[in-house]
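The values are calculated or read from the model by the stated rules, or taken from the named source; none is laboratory data. Computed from a prediction, not measured in an experiment: that's the story for all the values here. Every residue, glycine as well, gets a Cβ built from its backbone with ideal geometry; the counts of neighbours run over all protein chains shown. Accessible surface areas use protein heavy atoms only, side chains included; no ligands, DNA or RNA. Shrake-Rupley method; radii C 1.70, N 1.55, O 1.52, S 1.80 Å.
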Amino acid sequence: MLRFSVLIFFASFVFDWGGSLSASKPNILFIVSDDLTACLGSYGNEICQTPNLDRLASEGVQFDRAYCQYPVCGASRASFMSGLYPKRNGMMGNSYTLGSYRAMNPKLADHPSIGGVLRRNGYVSLRVSKIYHMGVPGGIEAGEPGGDDPDSWDRAIDVMAPETASPGVLELLSPRRTHYGSNFARIIVPNDEIETQADALTATQAIAILDSRARGGEFSKFIRPEEPFFLAVGFVRPHVPLVAPKSMFDLYDENSIPLPYVPEGDLDDLPEPAAAMANEGRYWLTEKQQKQSIAAYYASVTYMDQQVGRLLDALDRLGQREDTIVIFTSDHGYNLGEHTMWQKLSLFEESAQVPLLISAPGFEKAAGKKAQGLVELVDLYPTLLDLAGLKDKAPANLDGISLRPLLDNPDSKGKKKLAYTVTRSSGESIRTDRYRYNRWGEEGEELYDHQTDPKEFTNLVGMEQHSDTLKRMRALLEAKNEEF
């Protein structure tokens, strides 16, 4: 298999007006951002500027309660690409082993990924840049495939970009963290050198694929216009280092960036494993460094958003938008100082929740609506097969369900009663319509009422008036674990 570099995800499909697919297979553009919290303008953030993703939200359905299955890159990506929970596919962290979950778990050697099942059923499957786990910044700097699954793709392109060696000054914003894959550092790139950056390169390569396919003919060496595609494009921003052009940094005055409110003693009611994880995620940034980090994060998000806009514009220019379903999401959420925590791994809402946008021709009546039903990233696999008319090709062991009913009727609550997320230190969490319940093995529990405490400041475990709710949530988690 040839291997190249590049891009994001994006999905496209052909539908009839009633929400049903036409006879031809739809194209799929699947765009995945890296380490993105739900800070889009369409999600209510009044500071972070994301005009292109806001446009996509206005053209499709925004899922306000979408959750990852593990708040770290490798495990989350293996989960949604396999359609299986981490406890089932065995990927409970990052891995650089080629083959991903198929190599790590021999029982799943014949279990195809989303890309694998589509390429076996008439699609040309393509990847540009990070879809499975890939080291950022190191793997990007080396142009490596990371823990990719070659069986997923007919063509795979690995972008090579400078990252920490980008033009500009590399500024460390978290002096007590020196590893550039997990610290906070920023580089303000001169505007005329932005084409050197990973996400710009990724978008350019993805657009080249779309152009080649749209204009291909009988002499085309690979993909032709009549061949449906699954194009997965992986953007690495806003993963650290926080690299973006000066024009994006200029949008955010770091001195006026508000910091999240954290009440005194916020972490005092956490069980020991949760408190230890919270302490690990503190980063001990000064107030100035916190504001600089958030401003740089937002600049990186706006830069990534610009690349998404380039992809959407290319679809419009090539006349392919009406035949394409576009899906945008992130591998997991991100803490930006909430609970004094930074980055990921926690079971708090900020790390578990992800942005999820789906724009599909044929569901125009739902355009601009916000679905409140609980959904999980493992639902993407059955959703894509359903929309592609390949529902009968779905493996019997998938853990998710199709989101098609919520595309038909975003105002409904959907079928899910809970979303399930796990993290290290035996941490596992369920999110229901009203509550979040976290359990850390035998070492403690957390219970939060989102109706009265949406920021999860007060752990209700141990309060007599909430004992019945706690029992119900325990039972729900036990029932979930019985599935494995």
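Structure values in brief
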read-out	value
Relative pair counts by distance (%), Cα atoms of the stretch 193-251, 10 Å bins	20, 38, 23, 16, 3
The chain: calculated mean residue ellipticity at 222 nm from DSSP helix runs of at least 4, using -39500 (n - 2.57)	-8000 deg cm²/dmol
Whole-angstrom Cα spans of the stretch 318-386 along principal axes, big to small	46, 25, 20
Cα-based convex hull volume of the stretch 354-457 per residue, rounded to whole Å³	125
Debye intensity ratio in log₁₀ form over the Cα atoms of the stretch 106-169, taken at each q of 0.15, 0.21, 0.26 Å⁻¹	-0.53, -0.83, -1.04
When each of Lys107/Lys471; Lys221/Lys391; Lys417/Lys455 is checked by Cα-Cα distance, pairs over 27 Å	Lys107/Lys471; Lys221/Lys391
Accessible area per residue, Å², the stretch 312-435 with all protein chains present, probe 1.4 Å	32
Hydrodynamic radius (Kirkwood) for the stretch 181-303, which is based on Cα pairs only, to one decimal in Å	17.9
Residues listed by number, the stretch 302-320, amide nitrogen under 20 Å from Glu195 label point at 7 Å toward C-beta	303-315
5 Å binning of all Cα-Cα separations within the stretch 70-199, expressed as whole percents from 0 upward	2, 11, 17, 19, 17, 13, 9, 7, 4, 1, 0
Förster radius 41 Å - calculated FRET efficiency between Ala165 and Met463 (Cβ-Cβ, nearest 0.05)	0.20
Arg434/Glu46 FRET efficiency (R0 25 Å; Cβ-Cβ; nearest 0.05)	0.45
Fraction of accessible area attributable to carbon and sulfur, the chain (%, probe 1.4 Å)	49
Residue-count net charge about Asn52 - beta-carbon cut-off 15 Å; Lys, Arg +1, Asp, Glu -1	-1
Mean Kyte hydropathy of -0.5 or more with a Cα span along the axis of at least 15 Å, helices from DSSP in the chain	198-215
nm² value of the averaged projected area, convex hull over the Cα atoms of the stretch 214-283	10.7
Distance (nanometres) between label positions extended 7 Å along Cα→Cβ at Ala109 and Glu442	3.7
Reciprocal mean inverse distance between Cα atoms of the stretch 277-423 - Kirkwood radius, Å	17.8
Potential extension, Arg120-Arg317 segment - 0.36 nm per residue separation minus Cα distance	68.0 nm
The stretch 172-315, relative contact order [Cα under 8 Å, separation at least 6], %	36
The chain - share of DSSP beta bridges that are antiparallel (%, nearest 5)	55
Largest to smallest principal axis extent of the C-alpha atoms in the chain, angstrom	71, 51, 44
Straight-distance crosslink candidates among aspartates and glutamates, where the alpha carbon sits under 18 Å from Lys480 and sequence neighbours closer than 8 are dropped	Glu376, Asp379, Asp399, Glu428, Asp433, Glu442, Glu445, Glu446
